[in-house]
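Input: a single structure, listed below in structure tokens.
Each value in this text was obtained by applying a stated rule to the coordinates, not by laboratory testing. What you see is a predicted model; the values in this text were computed from it and never measured. Reconstructed Cβ throughout: ideal geometry from the backbone, glycine too, with neighbour counts over all protein chains shown.
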Amino acid sequence: MTAATAVRFADGRADVRADFPVLRRTVDGIPVVYLDSAATSLKPHSVIDATIRYYTQVGANIHRGKHMLSEEASDAYERARQRVAEFLGARSAEVVFTAGTTHGINIVAAGLHLDRDDLVLVSADAHHSQQLPWRQRSRVEFIPVLADGSLDLDRYAELLRKQPAVVALTHCSNVTGRYAPVSELAGMARARGAVTILDAAQSVPHQRIEASALGVDALACSGHKMMGPTGIGVLVVTADLADRLAPEATGGGTVDWVDSGRAVFRRPPHRFEAGTPHIAGAYGLHAAVDYLERLGLAEVRAHDQRLGELMWAEAKQREYLAVIGPGSGSRSGILSMAVDGCADLTDLARILSDSYGVMCRTGHHCAQPFVDAFGHGQVLRISGYIYTTDHDIEAAFHALDEVVPLVRNRSEHAAR
Ligand SMILES: Cc1ncc(COP(=O)(O)O)c(C=O)c1O
């Protein structure tokens, strides 16, 4: 194990586990080792308390009521928007609250009025949420990914010559943990007149993101991956693009005026928020941003990089594991591995959970074409966050050393 010094967060603590009630759970007396944060992060007390505060002390709907409780809820909802805007280096009017990354991407894909013939470039390691909304409406070509998880930039430059309408980028792959050079890629796309949209689901939780500095037209992320509640996310969309987008859904909250023949839509972001939103989610997301800021985004990033290094150092000592994507130095705290001799990893995941308390993921991770090509259809993924310790990672690999031969024997037996 690499003996790098543990990161101390900006609030002076190196261990924040006491803030996360789920980490008190045990499996047959063994403390839970939660290594599935790329799927969703655990929530600290402050986020849970903020959502409870809305339901127990406020409870009212936003924007349309003139009574005290409604005004209180509306103020808190708009304060959350302002806080998220500051956090992401955007203006408040550019921040649309969504249900999550998937919803945000769909708002843009649906709003652009694409033709079947329009070309959309999508990176080959994209999550299904950054593929299917485009594939449904237009012609998609994939930007290939090289063996180290990086994008094939030469091929990207060639594809750009075909004048794509949209370039759909992924900041950090949820399979390989590899970061893409977004500013460079977005600059190249802009020079060709393409709209750029960034899936930032796996980057926003782990580092300071300045949406305006990245040079993309839109950026989507999910609250639940950054310690906020499930069911709320953010779409940052520039004023220029927002003006070009038809609202994907319409209804209450989206209009200033409706008469029997006409509707006047509100300005962004409200135009894109139809119906009663996830108000408690906005309270919780505000608390999550506060929590991340208290820890310090530079420290959060350093912790994530350190986790990635530790994971990689453990994996590369084991011949039965083949890491998908980058080696040391360029990864986040997400690591996916093919396991030699184990084609079906379902049993492996179940035994790790039920006998060792290790919660991790197996399968194609909603990037099936990519995992089919690189990982023989299934990979085992471990992913950490600010509460993940060296001990968690060591425990997972020691468990693997014991479980893999067992699962392998079983499948050899079954094959006979
Ligand atoms: C890279 C990436 N994009 C998009 C998504 C979809 O996020 P959500 O389910 O919150 O909409 C995920 C979720 O795992 C992801 O990892």
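With a cut-off of 8 Å between alpha carbons and a minimum separation of six or more residues, what is the relative contact order of the chain in percent? Relative contact order, the chain: 22 percent. Within the shell defined by Cβ-Cβ distances under 13 Å, the residues around His270 carry a net charge of +1, with Lys and Arg each +1 and Asp and Glu each -1. Mean residue ellipticity at 222 nm, helices only, the chain: -11500 deg cm²/dmol; runs of at least 4 DSSP H residues each add -39,500 (n - 2.57), and the sum is divided by the number of residues. Taken about its Cα centre, region 228-280 carries a charge dipole of roughly 20 debye when the Cβ of each Lys and Arg holds +1 and the Cβ of each Asp and Glu holds -1. Protection proxy ranking of 202-213, 247-258, 343-354, by the mean of other Cβ atoms within 10 Å over each peptide's residues and highest first, is 202-213, 343-354, 247-258. Ranked for footprinting exposure by Cβ neighbours inside 10 Å, fewest first, Ile30, Ile279, Ile197, Ile232 give Ile30, Ile279, Ile232, Ile197. The magnitude of the dipole of region 50-102, with charges of +1 and -1 set on the Cβ of Lys/Arg and Asp/Glu and taken from the Cα centre, is near 60 debye.
Highest mean packing comes first when the peptides 326-332, 33-39 are listed by Cβ atoms within 10 Å, giving 33-39, 326-332. Looking at the P(r) of the chain, how many percent of alpha-carbon pairs lie beyond 34 Å? Of all Cα-Cα distances in the chain, 33 percent exceed 34 Å.
Can you tell me which lysines have their Cα less than 25 Å from the Cα of Lys43? Leave out same-chain residues fewer than eight positions away. The reachable lysines, counting only those whose Cα sits under 25 Å from Lys43, are Lys225.
Rounded to the nearest whole Hz, the Karplus-based 3J(HN,Hα) values (6.51 cos²θ - 1.76 cosθ + 1.60, θ = phi - 60°) of region 208-217 follow the sequence 5, 10, 9, 3, 5, 6, 6, x, 9, 7, with x at glycine and proline. Among Ala373, Pro164, Val33, pick out the residue whose Cα is farthest towards the positive end of the charge dipole of the chain, where Lys and Arg carry +1 and Asp and Glu carry -1 on C-beta, about the Cα centre. Positive-end residue among those listed: Pro164. Between the listed residues Trp257, Leu198, Ser332, the Cα displaced farthest toward the positive end of the dipole of the chain, a dipole computed from Cβ unit charges relative to the Cα centre, is found at Trp257. Of the beta bridges in the chain, as assigned by DSSP with both residues counted there, near 60 percent are antiparallel. Summing Cβ point charges (Lys, Arg +1; Asp, Glu -1) relative to the Cα centre of the chain gives a dipole of roughly 620 debye. Share of pairwise Cα-Cα distances greater than 16 Å in region 221-287 is 55 percent (whole percent). Between the amide H of Ala38 and those of Ser383, distances stay under 5 Å, these residues lying 5 or more places away or on another chain, with hydrogens modeled in the peptide plane. Taking amide H positions as modeled 1.01 Å from N, with prolines and chain starts lacking one, the residues under 5 Å from Phe265 and 5 or more places away or on another chain are Asp256. Summary value for region 1-79: 16 percent relative contact order, contacts being C-alpha pairs under 8 angstrom separated by 6+ residues. With a ≥ b ≥ c the root eigenvalues of the C-alpha gyration tensor of region 93-184, is it rounded (a/c under 1.5), prolate (a/b larger than b/c) or oblate? Since a/c reaches 1.5 but b/c is at least a/b, the shape of region 93-184 is classed as oblate. Once the other residues with Cβ under 15 Å from the Cβ of Ala367 are scored (Lys, Arg +1; Asp, Glu -1), what is the net sum? It works out to a net charge of +1. Once you divide the Cα radius of gyration of region 9-158 by 2.2 N^0.38 Å, the number left is 1.45. Qualifying trypsin sites (Lys or Arg not before Pro) in region 104-178, where qualification requires a DSSP coil assignment and no more than 10 other C-beta atoms within 10 Å, comprise Arg116, Arg161. In order along region 119-136, the Karplus-derived 3J(HN,Hα) couplings, from 6.51 cos²θ - 1.76 cosθ + 1.60 at θ = phi - 60°, round to 9, 10, 8, 10, 5, 5, 8, 5, 4, 3, 5, 9, 10, 5, x, 7, 4, 5 Hz, and Gly and Pro are given as x. For region 240-246, backbone phi angles converted through the Karplus equation (6.51, -1.76, 1.60; θ = phi - 60°) give residue-by-residue couplings of 4, 5, 4, 5, 8, 8, 6 Hz, Gly and Pro being listed as x. For Thr196, the residues whose amide H sits under 5 Å from its own are Val167, Asp217, Ala218, ignoring neighbours fewer than 5 places away on the same chain, with H placed 1.01 Å from N.
I'd like to know which of Pro21, Val108, Ala414 lies farthest towards the positive end of the charge dipole of the chain, counting +1 on Cβ of Lys and Arg and -1 on Cβ of Asp and Glu. Looking along the dipole axis, the top candidate is Val108.
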